[in-house]
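First up is the structure itself, then whatever we jot down about it.
The values are calculated or read from the model by the stated rules, or taken from the named source; none is laboratory data. Predicted model only: the values in this text are computed from it and were never measured. When we count neighbours, we look across all protein chains shown, and the Cβ atoms used for this are built from the backbone with ideal geometry, even at glycine. Remember, those area values only see protein heavy atoms, side chains included, never the ligands or the DNA or RNA. Shrake-Rupley method; radii C 1.70, N 1.55, O 1.52, S 1.80 Å.
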Amino acid sequence: MTQKLNNSQETPFVVITIDGPAGAGKTTIARNLAKRLRFCMLDSGALYRTVALALLQAGVMPNDEIIPDDLLKSISIVIEPAVGGMQITLGGEDVSAEIRSEEVGVAASKFSAKAEVRRKLLGTQRSVARQCDLVAEGRDMGAVVFPFARVKFFLTASAEVRAKRRYEELLQKGARPLYSEVLLEMRARDHRDETRSLAPMVPAPDATIVDTTNLTPDQILGIMLELVKSRLGLLK
Ligand code: DC
């Protein structure tokens, strides 16, 4: 079935979107859902993180008003979608480890409020949906990037639970975080992502909201798979 992305773009592939705040479990769930369905997966946060890394490396600060146009144009990001995942390169280099730092995450949240950054990434994100069936996760996948997605989810969880998940992730990486600081940063990031004027993080009107506060990853996946299968007519 051909899906209309906007007036000028069409794709023969199915798109499922998963949006929501940091720490709601989107990336893990999107990867698992994509693997189960044998779809490609787009982690759009990784794209914003990659742009942020490139800007930081070029000496642009997250609070700088202006991002030089030439600099933004010169940032070369290539995505290679694959079943259950994707490969991103920046100028031909694998930066998947560097983009996961806290510094790059905070910078991504600030740079992503800028129109020129969002514009740069729009076409890149849509191009993935012209290559394979797709589970796309981020903040504005259902509302802005893929408004005609067949199934849209918005995952939420209390800030405390999301901060606890993030805190445990940092501990596992060998860091020594303070839970209270992780919670404060989580709330600050939610505020920035929700209140920016461009593509703020809000559920698309036709998104199904899943509160993951008291659910295990397997339970979340079960709920989502059921809905996807019924929407796509895959239930026996
Ligand atoms: O999901 P994440 O933490 O990797 O995303 C990093 C930042 O990128 C997030 O704080 C906001 C921004 N982002 C965005 O503005 N739109 C998206 N679709 C995905 C991420």
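Can you confirm whether segment 149-158 contains a residue that is without any contact (Cβ under 8 Å) to a residue 40 or more places away in the chain, under 22 Å from A46 (Cβ atoms) and of a type in the set (F, W, Y)? The answer is no; no qualifying residue exists. In segment 183-236, of all residues being basic (K, R) and assigned to a helix (DSSP H, G or I), the one that is surrounded by the most Cβ atoms within 10 Å (Cβ to Cβ) corresponds to R189. A search for C-beta distances below 9 Å between a residue of segment 210-225 that is touching a residue at least 40 places away in the same chain (Cβ under 8 Å) and any residue that is of a type in the set (S, T, N, Q) and outside any helix (DSSP H, G or I), counting only pairs 6+ apart in sequence or on different chains, returns V210/T156; D211/T156; D211/S158; T212/T156; T213/T156; T213/S158; I220/T212; M224/T208. Candidates in segment 153-178 are the residues that are within 13 Å of the ligand (Cβ to nearest atom) and part of a strand (DSSP E or B); of these, the one that is least open to solvent (accessible area, probe 1.4 Å) is L155. Inspect all residues belonging to segment 133-146 and state whether any of them is at pLDDT 95 or above, surrounded by fewer than 21 Cβ atoms within 10 Å (Cβ to Cβ) and not β-branched (V, I, T). So far as segment 133-146 goes, yes, one or more of its residues are at pLDDT 95 or above, surrounded by fewer than 21 Cβ atoms within 10 Å (Cβ to Cβ) and not β-branched (V, I, T). Across segment 28-82, the qualifying residues are those that are surrounded by 13 or more Cβ atoms within 10 Å (Cβ to Cβ) and charged (D, E, K, R), and the one among them that is farthest from F111 (Cα to Cα) is R36. Screening segment 121-132 for residues that are over 18 Å from L33 (Cβ atoms) and within 12 Å of the ligand (Cβ to nearest atom) and picking the one that is surrounded by the most Cβ atoms within 10 Å (Cβ to Cβ) gives L121.
The single condition among (1) over 19 Å from V15 (Cα atoms); (2) open to solvent by less than 30 Å² (accessible area, probe 1.4 Å) that E93 does not satisfy is (2). Listed here are the helices (runs of 4 or more DSSP H) enclosed by segment 1-99 that have at least 2 residues being within 13 Å of the ligand (Cβ to nearest atom) and of a type in the set (V, I, T): 26-37, 44-57.
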